[in-house]
1. With the full set of protein chains in place, find how many percent of the accessible area of the chain is carbon and sulfur; take the probe as 1.4 Å.
2. Which value in nm describes the separation of the simple spin-label points at Arg53 and Ile31, placed 7 Å from the Cα toward the beta carbon?
3. Using only alpha carbon pairs under 8 Å that are at least six residues apart, calculate the relative contact order of the chain and give it in whole percent.
4. Before I look further, what does the chain give for accessible area per residue, probe 1.4 Å, in whole square angstrom?
5. Taking trypsin sites (Lys or Arg not before Pro) as candidate sites, keep only those in a DSSP loop with at most 16 other Cβ atoms within 10 Å, then name the longest stretch of the chain containing none of them.
6. Sorted by accessible area with a 1.4 angstrom probe, largest first, how do Met13, Met1 fall?
7. Provide the three semi-axes, in whole Å and in decreasing order, of the ellipsoid equivalent to the chain as defined by the square roots of 5 times the Cα gyration tensor eigenvalues.
Amino acid sequence: MRLLLIGDIFGEMGRDILEEQLPLIKQEYGINFIVANGENIAHGKGINEKYYRFLRERHVDVVTLGNHS
């Protein structure tokens, strides 16, 4: 099993990079399971349901949080 751990996804730029690069990384490395830190995905101010769904739609299996959530 190949795991991918993604650090802090920050705001729009982080979401854009994730959307663009994640499919390529998954294919190139045969990733089976993804864990991503989503605590700053909502413009650096935590996470909300919209961006949680954004991550899940891109096949992120586990979303971690931190002090901004």
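1. 52 percent
2. Label at Arg53, label at Ile31, 2.2 nm between them.
3. 37 percent
4. So the chain comes to 67 Å² accessible per residue, rounded to a whole number.
5. Result for the longest clean stretch: 3-44.
6. In descending accessible area the options line up as Met1, Met13.
7. 20, 12, 10
The values are calculated or read from the model by the stated rules, or taken from the named source; none is laboratory data. This structure is a prediction, so every number in the text was calculated from the model and none was measured. Every residue, glycine among them, receives a Cβ derived from its backbone with ideal geometry; neighbour counts consider all protein chains shown. Please note that ligands, DNA and RNA were not included when accessible areas were found on the heavy atoms of the full protein model with its side chains. Shrake-Rupley method; radii C 1.70, N 1.55, O 1.52, S 1.80 Å.
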